[in-house]
Every structure is written in structure tokens, then in C-alpha cells.
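> Please read through the structure below; I'll follow up with questions.
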Amino acid sequence: MKMTPQQFIDWETKCITLLAMSGAGKTTLANKLPRQKWFHYSGDYRIGTKYLEEPILDNIKRQAMEVPFLRDLLLTDSIYICNNVTVDNLSPVSSFLGKMGNSALGGLPLAEFKRRQALHYQAEVSAMLDVPEFIRKAEDIYNYRHFLNDAGGSICELDNPTVLETLAKHTLIVYIKIPPSLEQTIIERAKTDPKPLYYREAFLDEKLAEYMRLRNCNNPDLIEPDDFVTWVFPELFKSRLPRYQAIADQYGYTVDGDAVAKVQNEADFMQLITDAITQQQSSGTN
């Protein structure tokens, strides 16, 4: 969605999609908006509670069945298992995605890893296509004035025009561009605490082949899971930045991460976006 600064100011029910790498301050920014006025839609939460709920539970049950005590209780319906995904706790989604490599180190065989990646792709596409209906629900049922879509960090990996066109039609897309001063901090943080991630299959195949050459390994099911995640993150980081920017250039607007960090309240947030629209208009790229 493209508009003039005045159109944005006059827009009574503002619907905004935030795009950014993890660590750019997206969720922190969202939390500075008054909850009584803004409906906060989390793509990752929707993925975990709707589209991956059953696979997540199946994965947990599979692990529980390996424990004789729990196996007997499950088979006799003496206990049940549920996950507790919240906006602030997405660990069940991460644990389902998992890491590729040696099973003795907690890794997944390549074929299973790719199967889960494919399920996550479909889940993220579906969660983003749900946005228009949730905009309607937020206003019609819950009487929220504004809507904020906190999109997952991997949305730039989807290569799905329908998703982007849907979001652009119903929301104003805002990309939080990470300043160079923060880039290395995010990379180092990821190395210290390597987390499961979604990768485009073409990217995964290319980088896995490169990693195996460097490590002199000929079987992906024997690699060290954390070592691969740590090694590949800087490559993933670099590959995602131009993808985010391309989305913002075509469909929305870019704001600087340093400016985002200075936002204290809703008024600051509105001014941030107004300035971004003005700047894009002035540069002639609108």
C-alpha cells in the first residue's frame, strides 16, 4: 500500500506490517503501542497455534514415546500433551523446526529437516494470507482501532508474490533496516545462541554443499548441528537484507533501526512512518 503523508495521517484505521530481521527491534517497537488501540497479530504465533500445532504435538509425542513410563501413560490415555505457544514464547515452533545433522547431537536427518522446512513454508504463507480476515475481526469483533502485523523474519524467503500483494493491498508495509553498527552484534548474538531457522531450499542446498566442502564431510546427517547453524547465519543474514529492501522498495517503506530505537510512544511511531513516506516521495521512488 502506497500513500501520501497526509493520507497516512488521515487513515482512520491504520493497518501496518512490520518486516525486519530478528533483533532489529520489531517486537520491542510493537510493544510501545497502546494495546487497547492496536491489535497485535504475530505471524509466528499464528503458525504455532494454527498451522503447525498438530506437527508440533506429534513431534513431542514421538519423543515421549521413547520413554517407557510416558509411553504407557500415552497409550492408555492417562495423560495428554499440549504445547503452550505464546507471542512471547515460540520455543515449540523452534523445537519443531530443529537443526540438521547428527542425531546423537540432537540433529535431524536432511530429509526430515527439509520436510519440516516445507511445512513451515506453507504455514507462514497461510498465516500471512490470514491477515485480511484478522484485520476484519480485530475491528468487527474486538473493536480495535488499528492493526499491526508482526511478520516473521523469514517472510523475505517465501518468494511468494501472492503473499506480498495481499499484505500490500491491506496493510502499509514498513521495513526496519538494521544499521551497520548493529549488524555484527546480531551476528555475534546468533553465534552465541544458535537457534533453528527457516532457509529457502536453494539457499540451504548451496550453503550446505559449501559447508561440507569446508569441513571435509560427505554426509549431511553427520554434521554438528550447532556448528552449521553458527556458520551459516552470517550468510543467511547477508542474503536476507537485499530481499527485505526489494520488498520495501516495491511495496512499502523503509525506516532506520536507529530511528526505531528512539520511538517511545504511539505519536513517535506515527511520525516515524510519516517521515518515511515523505522521504520516499522526496526521492522520487514512490
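> Does region 251-267 hold any residues that are part of a helix (DSSP H, G or I), of a type outside the set (Val, Ile, Thr) and touching a residue at least 40 places away in the same chain (Cβ under 8 Å), and which are they?
251, 257, 258, 261, 266 - these are the residues of region 251-267 that are part of a helix (DSSP H, G or I), of a type outside the set (Val, Ile, Thr) and touching a residue at least 40 places away in the same chain (Cβ under 8 Å).
> Does region 71-86 include one or more residues that are assigned to a helix (DSSP H, G or I) and under 18 Å from the mean Cα position of the chain (by Cα)?
No, the conditions are met nowhere in region 71-86.
> Next up: Restricting region 36-64 to residues that are of a type in the set (Lys, Arg), within 28 Å of residue 171 (Cβ to Cβ) and in a helix (DSSP H, G or I), which is nearest to the chain's Cα centre (by Cα)?
46
> Within region 191-202, which residues are in contact (Cβ under 8 Å) with a residue 60 or more places away in the chain and farther than 11 Å from residue 97 by Cα?
Scanning region 191-202 gives 194, 201.
> Look through 243, 215, 200 and report the one residue that is basic (Lys, Arg) and over 22 Å from residue 159 (Cα atoms).
Exactly one of 243, 215, 200 is basic (Lys, Arg) and over 22 Å from residue 159 (Cα atoms), namely 215.
> Could you check, for region 193-215, whether at least one of its residues is assigned to a helix (DSSP H, G or I), over 26 Å from residue 116 (Cα atoms) and within 19 Å of the chain's Cα centre (by Cα)?
No.
> Please list, ordered by first then second residue, the pairs with beta carbon atoms under 7 Å, 6 or more apart or interchain, first in region 33-59 and within 14 Å of residue 15 (Cα to Cα), second of a type in the set (Gly, Ala, Ser) and assigned to a helix (DSSP H, G or I).
So the pair list comes out as 39/138; 40/30.
> Still on this structure, I have one more. For region 72-94, what are the residues that are surrounded by 12 or more Cβ atoms within 10 Å (Cβ to Cβ) and either closer than 13 Å to residue 47 by Cα or modelled with pLDDT under 85 (or both)?
Matches in region 72-94: 83, 85, 86, 87, 89, 90, 91, 92, 93, 94.
> Does residue 192 meet the test of being of a type in the set (S, T, N, Q) and crowded, with 17+ Cβ neighbours inside 10 Å?
Against the criterion (of a type in the set (S, T, N, Q) and crowded, with 17+ Cβ neighbours inside 10 Å), residue 192 does not qualify.
> Quickly run through region 216-232 and pick out the residues that are farther than 18 Å from residue 111 by Cβ, assigned to a loop (DSSP other than H, G, I, E, B) and of a type in the set (S, T, N, Q).
216
The values are calculated or read from the model by the stated rules, or taken from the named source; none is laboratory data. Since the model is a prediction, treat every value here as computed from it, not as a measurement. Note that we place each Cβ from the backbone using ideal geometry, even for glycine, and neighbour counts take in every protein chain shown.
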